[in-house]
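See below for the structure under consideration.
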Amino acid sequence: MLGTALGPHSTGQTTVTSLAVANPGSLIQSVDWVAIAPPLIAALAALVVLVTDLFLPAQHKKWLGRLTAAGLALALISLLPLTGGSPRATFCAQNVTGATDNGGCSYVADHFALVFQLLALGGALIAALLSVHTVEDEKLPGGEYWFLLLASATGAALLPASRDLATLVIALEVASLPAFALVALRRDGRGAEAALKFFLSSVTATAVMLLGVGFVYAASGSLHLGAVATGLEQAPAQLKPLAEAGAVLTLVGFAFKVAAVPFHFWVPDTYTGAPLPVAGYLSVVGKAAGLAGLALATTIAFRPYAHTWGLALAVLAAVTMTVGNVGALRQRFDTRHSAVRLLAWSSVGQAGYLLVPLAAAGYAPTTTDPLGATAAYALIYGVVNLGAFGVVAAVGRRAGTSVDDFRGLFARNRWTALALAFFLLCLAGLPPGVIGLFGKVVVFRAAVDAGLGWLAVVMAVNVVVALYYYLLWTARLFAPVAPAEEPAGAPAPERRLPVSLTATLGLTASAAVVLSVAPQLVLQVVGGSLF
């Protein structure tokens, strides 16, 4: 009988311990479906696309792209009910009703999670719009492409809301594994090489991170981020070296996703070998996932070691922005795919700027306000960088993806040239790209307020250095074409841009202009704590 099996009892000479509990119903949790709706809708959309692809005739495969965009748009809409009120939590190890920190929960939909889910799902939606013509033009397998894109977006949306190390690792791998296949879908040889470099680098980083998670669990006795911090504070002195090593190793996997030095070597070759929309997706959504994981692990789980990882991230930020900008300076403009490689090196430099507020958070462990600067800058960077990849994709349909192929673009296609010029000025932080300037000022202020004056100086120098290659590319757009460079005979007719590509450029350019006119729409993220 269940009533007689609630604890230890004797049967003859043998003691039997029952595993039953007094209130079995307490083990059954009610899932907050509204809280988990954003990643759940993306996952369901991936399954719908995969199944639909099995029964859809070849001539109707284009509907898969529309289903993907609709699923991502619905996932974005599902963020709206979560914007008001207190954070919502689910999958909790204990009853945390009325608690303020939701420390026993594995999924928390707070301000931080919503901001990065907006970036991940919004970036995936723009990448999907950018992909429609690429899938058709390059004859990529549509069903596999759209399924992989949605699956990766699911992991990227899950990661910011994860509040235990196991879920963080799983979400990071769900975001990464489909990305390897997306890079390899291009069957021209370069895709396989790019995917192999991406895969080997990522697997190495993941192995190191899992070793670090094991060390952290051994030292703290928990995987929940809040409990990890408590466990590290109370860990015996002999376990402190193990805990510190585990913290450092755990951050390696997230640093790889951010493309921080020295985990950046895969970026130029992978971006060049991947389809352009995938390269844009990795530069924004992949980076957002890494930043979210890095922020959660440092500011919550490894809070007792704030000054240690704060200094480490400061040095990492300085080296990353310097290496990225130097790599961009050394990029020749006349080589094939130089525009993509330049954006790849630029993304490495931008990763350094994004790491600055995270480093500042290490010097202000009682508040997470510096993270708002990272979130705001990531939103700005996501819009303008995807827009720049969109213009490169548009120009590549008629000419090529060398920077020299953009010479005289204003004379051929005025609006496309103006859009790219605006995106590049935003990345450089120059007017009229006001939102880019505001973003850099916010990041700079975070470093100064945290007492990291030397890092602010390094950032200022790198911003000036980056102006050279951004302005040089911008000047190419308005430069006259020399007679020797003009094609013989009648000029080739200008190919009309596909509707999806036009929508991508219009959406990103409009967003960048609106944010430049009203920067408070995104900079209000800096105003308060994200947690």
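The values are calculated or read from the model by the stated rules, or taken from the named source; none is laboratory data. Being a predicted model, the structure only gives us computed values, none of them experimental. Quick reminder, even Gly has a Cβ in these numbers, built from the backbone with ideal geometry, and neighbours come from all protein chains shown. Only protein heavy atoms, including side chains, enter the accessible area calculation; ligands, DNA and RNA are left aside. Shrake-Rupley method; radii C 1.70, N 1.55, O 1.52, S 1.80 Å.
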Unmet criterion (only one of (1) surrounded by fewer than 24 Cβ atoms within 10 Å (Cβ to Cβ); (2) in a helix (DSSP H, G or I)) for PHE254:
(1)
So which residues in region 445-464 are open to solvent by less than 80 Å² (accessible area, probe 1.4 Å) and part of a helix (DSSP H, G or I)?
ALA446, ALA447, VAL448, GLY453, LEU455, ALA456, VAL458, MET459, ALA460, ASN462, VAL463
Hits in region 191-228 (condition: under 16 Å from ALA297 (Cα atoms), open to solvent by less than 10 Å² (accessible area, probe 1.4 Å) and touching a Ser or Thr at 6+ places or on another chain (Cβ under 8 Å)):
MET209, GLY212, VAL216, VAL228
Just to check your reading of the model, which residue among ALA166, ALA127, ALA151 is at pLDDT 90 or above, farther than 12 Å from THR68 by Cβ and part of a helix (DSSP H, G or I)?
ALA166
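Conditions (1) crowded, with 24+ Cβ neighbours inside 10 Å; (2) in contact (Cβ under 8 Å) with a residue 40 or more places away in the chain; (3) under 13 Å from the mean Cα position of the chain (by Cα), marked per residue:
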position	(1), (2), (3)
PHE112	yes, yes, no
GLN117	yes, yes, yes
LEU121	yes, yes, yes
ILE126	yes, yes, no
PRO141	no, yes, no
LEU150	yes, yes, no
ALA153	yes, yes, yes
ALA157	yes, yes, yes
ALA161	yes, yes, no
Need pairs with beta-carbon distance below 9 Å; first residue surrounded by 19 or more Cβ atoms within 10 Å (Cβ to Cβ) and within region 30-41, second at pLDDT below 90 and assigned to a loop (DSSP other than H, G, I, E, B); sequence gap 6+ or separate chains.
ALA35/PRO87
Name the pairs whose Cβ atoms lie under 7 Å apart, with the first residue in region 498-518 and over 22 Å from GLY396 (Cα atoms), the second not in a helix (DSSP H, G or I), and 6 or more positions between them or separate chains?
SER516/PRO432; SER516/GLY433
So which of LEU177, LEU182 ends up being surrounded by 24 or more Cβ atoms within 10 Å (Cβ to Cβ), assigned to a helix (DSSP H, G or I) and at negative phi?
LEU182
Filtered residue count, region 389-420, keeping only those that are more than 22 Å from SER131 (Cα to Cα) and buried (at least 23 other Cβ atoms within 10 Å of the Cβ):
1
Would you confirm whether any residue within region 328-335 is modelled with pLDDT under 85, under 21 Å from MET459 (Cα atoms) and over 15 Å from the mean Cα position of the chain (by Cα)?
no
Cβ-Cβ distance below 9 Å, separation of 6 or more or different chains: which pairs start in region 267-280 with a residue that is within 17 Å of VAL135 (Cα to Cα) and open to solvent by 10 Å² or more (accessible area, probe 1.4 Å) and end on one that is at pLDDT below 90 and of a type in the set (Lys, Arg)?
THR272/ARG190; THR272/ARG336
Please verify whether region 501-508 includes one or more residues that are modelled with pLDDT under 90, part of a helix (DSSP H, G or I) and closer than 22 Å to LEU355 by Cβ.
no
Residue check for LEU76: at pLDDT 85 or above, open to solvent by 30 Å² or more (accessible area, probe 1.4 Å) and under 22 Å from ALA292 (Cα atoms)
yes
Quick one: is THR100 out of contact with any helix residue (DSSP H, G or I) (no Cβ under 6 Å at 6 or more places or on another chain), at pLDDT 90 or above, farther than 26 Å from GLY506 by Cα and open to solvent by 10 Å² or more (accessible area, probe 1.4 Å)?
no
Test LEU467 against the criterion of being open to solvent by less than 30 Å² (accessible area, probe 1.4 Å) and modelled with pLDDT of 90 or more, and give yes or no.
no
Yes or no: PRO81 open to solvent by 40 Å² or more (accessible area, probe 1.4 Å) and over 24 Å from HIS111 (Cα atoms)?
no
